[in-house]
Every structure is written in C-alpha cells, then in structure tokens.
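These notes concern the structure reproduced below.
Nothing in this text is a laboratory measurement; each read-out follows from the coordinates by a stated rule. Note that the structure is a prediction, hence the values are computed from the model and not measured. Cβ sites come from the backbone with ideal geometry, for glycine too, and all protein chains shown count toward neighbours.
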Amino acid sequence: MEEIPQSHPRYQSLVLRKKISEAHKAGILAESGMIAHGRGEAFDYLLGEKTTPPARKAIKAAAAQILLAKNPVISVNGNTVALSAREVVELSHKSGAKVEINLFYRTPERVDKIEKILCEEGADEVLGTNNEEYLHLNGLEGPRSHVSARGIYSADVVLVPLEDGDRAQALFDSGKIVITIDLNPLSRTARSSSITIVDNLVRALPLLIQEVEKLKGEEMYKLEEMLSDFNNPENLNDSLQAILRNYHRGVKP
Ligand code: PTJ
C-alpha cells in the first residue's frame with residue numbers, strides 16, 4: 001500500500017484506516033470490523049477527534065475501577081488488536097489485568113493470529129486461545145458465548161474496548177462491572193456499561209495507562225471516592241453535549 005504523506009490534513013485518520021485494512025487483509029479483522037471502524041470514524045469526527053473532558057473523567061473512573069478489581073480482564077477483539085495491541089499489553093502489565101481474546105466472529109485462524117500478535121507485543125499470558133476449555137457465558141449463543149474460566153468467566157471487572165451490544169449486555173447481566181471504550185455515546189454498549197469512555201481507543205488507551213500509573217499507589221478509599229463521584233448516564237449525556245456543541249459551531253453561518 002502507498003505511503004501516506006504526513007502533510008495530508010487527514011493523516012492520522014488515514015493511518016488508522018491503513019492499519020484496519022491491512023489487518024483485514026491479514027485475516028485478523030472481521031469484515032464487519034471495517035464497518036465498525038467507519039461508524040467510529042463518523043462519531044470521532046463529530047467529537048472533534050479529541051479526548052473530551054467527559055472522556056477524561058471516565059478514564060479516571062476506569063483506572064480507579066481496574067485498580068480496585070480482584071480479577072480484571074481486558075477483552076480483545078480484531079479491531080482492538082489491529083489498532084492498539086501494544087497498548088493492551090502495556091495496560092495489562094501496568095494494571096495486572098489479564099488479556100483474553102473474545103471474538104464476535106470467532107474462527108480458530110483469527111484466534112491464532114491475534115494470539116501471535118499479542119505474544120509478539122510481550123503479553124505474559126493470553127487467555128481465550130484455541131487450546132483452552134471454555135465455559136458458557138449466559139445470555140449468548142454459539143462461539144460468541146465462549147469465555148475462559150480464569151478470565152472473563154470469573155472476572156469482576158471487564159474492559160471491553162469496542163464491543164457489540166449483546167455481549168456488553170450479557171457481561172453486565174452476569175453481574176460484572178463493564179468498562180467500555182466506544183465512540184458512539186448512543187450505542188447499546190455505551191448505554192449498558194458501568195463506565196463508558198466515549199473516545200477513540202487509540203487516544204483513550206494511552207491515557208488510561210497513564211492514569212493507572214498515577215493512581216497505583218492511592219489508598220483504596222480514595223479510589224472508591226473517585227468511583228462514587230462518577231455517574232455513567234450523566235457522563236454519556238455530557239459526551240453527547242460535546243458532539244452537539246461541535247455540530248452547532250459547524251452549522252453557524
Ligand atoms: O473482532 P470481532 O469478531 O470480535 O468483531 C468485532 C466487531 C467490531 C466487528 C463487533 O464487535 C461489532 O460488530 O461491533 P459493532 O456492533 O459494530 O460496534 C462497534 C462500536 O465501536 C461502534 O459503536 C463504533 O462506533 C465503535 N468504534 C469503532 N471504532 C472505534 C470505536 N470506538 C472506539 N474507538 C475506535 N477506534
């Protein structure tokens with residue numbers, strides 16, 4: 001594929017597109033993953049392609065929640081690994097969260113490829129691989145319901161960057177605290193999660209890593225206080241307001 005000139009006004013966005021299309025060609029990304037990315041791009045445009053103040057607030061709450069968890073797990077799909085495999089592994093190292101491959105369009109080939117990338121990035125252990133025996137997550141059917149006993153099945157907190165609505169709902173219904181990163185503040189995932197970071201995963205994950213590092217030594221009660229100050233529906237509304245403000249700025253003559 002042709003090199004993208006850095007002078008291009010849409011350089012960052014084109015770099016992400018290139019990663020996505022290359023991951024698709026390599027058999028890592030599901031076909032629908034490209035559609036999901038396009039939907040994300042549209043919302044990112046409306047957000048001004050910046051991390052908004054409500055997103056920063058949600059990132060702080062997410063970091064506190066991950067540090068308070070007994071068995072936190074980062075659930076990884078094709079899009080996440082195509083864009084942010086390195087950051088997933090770094091977050092896992094810094095926070096102690098496990099990494100589990102959990103695919104909507106699960107095939108053994110994709111699982112192997114995703115495992116290989118995570119291992120190349122330095123993951124200590126990858127759950128949800130083809131060698132593992134699975135348990136069934138209630139509320140889902142078929143391969144989408146397969147989860148690792150030591151991972152998502154027994155997790156108290158699951159970070160699902162970029163998830164489909166059914167699985168986010170099933171995780172929440174099974175009593176887990178669900179943290180998601182989703183550019184669409186209106187999606188079912190965004191609405192059914194405990195903490196929703198309305199931001200692009202490529203911006204949110206590095207900030208989440210920073211925040212985890214900053215809060216690591218904090219007393220438990222302080223982390224709990226941070227969480228009790230956070231209200232997800234209110235925060236989602238603030239993200240929508242940010243979109244509306246950008247929209248009105250844009251439509252002014
Ligand atoms: O790899 P698999 O098989 O697990 O499949 C993954 C996809 C993404 C195809 C599957 O989970 C799916 O169909 O997801 P949805 O229902 O299309 O939802 C994807 C959501 O992610 C949408 O709300 C998008 O706005 C959002 N999104 C897309 N790209 C990003 C994003 N959110 C944050 N950062 C992004 N880069």
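Just how many % of Cα pairs in region 119-253 lie over 26 Å apart, if you round to the nearest whole percent? Don't jump to the answer; show the numbers that get you there.
Working: 3126 of 9045 pairs.
Every Cα pair in region 119-253 considered, those over 26 Å come to 35 percent.
Describe numerically, in nm with one decimal, the distance between label points set 7 Å from Cα along Cα→Cβ at H8 and at N131.
Going by the 7 Å Cα→Cβ label model, 4.0 nm.
When the Cα atoms of the chain are enclosed in a convex hull and the volume is divided per residue, what value in Å³ results?
On the way: hull volume 32.6 nm³, N = 253.
Per-residue hull volume (Cα only) is 129 Å³.
Which shape class applies to region 57-103: rounded if a/c is under 1.5, otherwise prolate when a/b exceeds b/c and oblate if not, where a ≥ b ≥ c are the square roots of the Cα gyration tensor eigenvalues?
Working: a/c = 1.90, a/b = 1.55, b/c = 1.23.
Prolate.
Please find, in a Gaussian network model of the chain (springs between Cα atoms separated by less than 10 Å), the residue of P185, P54, P143 whose mean-square fluctuation is greatest.
The residue with the greatest mean-square fluctuation here is P143.
Separation of region 63-130 and region 10-33 by C-alpha centroid, Å?
18
Can you list the lysines whose alpha carbon is less than 30 Å from that of K176, not counting same-chain residues fewer than 8 positions off?
Candidates past the 8-residue exclusion: K50, K57, K60, K70, K94, K98, K113, K116, K214, K216, K222.
Exposure proxy check: K70, K176 ranked by fewest other beta carbons within 10 Å?
Details: K70 8, K176 22.
So the ranking, lowest neighbour count to highest, is K70, K176.
With a 10 Å cut-off between alpha carbons and a GNM built on the chain, which of S95, S32, S84 moves the most?
S32
Remind me, relative contact order of region 105-196 in percent, using alpha carbon pairs under 8 angstrom and six or more residues apart? Present the calculation step by step, with values, prior to reporting the outcome.
On the way: 128 pairs, mean separation 18.1, N = 92.
Relative contact order for region 105-196 comes out at 20 percent.
State to the nearest 20 debye the size of the charge dipole of the chain about its Cα centre, where the only charges are +1 on K and R beta carbons and -1 on D and E beta carbons. Don't skip to the answer; put the middle values down first.
Numbers: 31 positive and 36 negative charges, 155 e Å.
Charge dipole of the chain: 740 debye, to the nearest 20.
Place a point 7 Å from Cα of R39 in the direction of its Cβ. Which residues in region 128-168 have their backbone N less than 17 Å from it?
160-168
Would you compute, from DSSP H runs of 4+ residues alone, the mean residue ellipticity of the chain at 222 nm, taking -39500 (n - 2.57) per run and dividing by the full residue count, rounded to the nearest 500?
Values: 10 runs with 136 residues, N = 253.
When only DSSP H runs of four or more count, the value is -17000 deg cm²/dmol.
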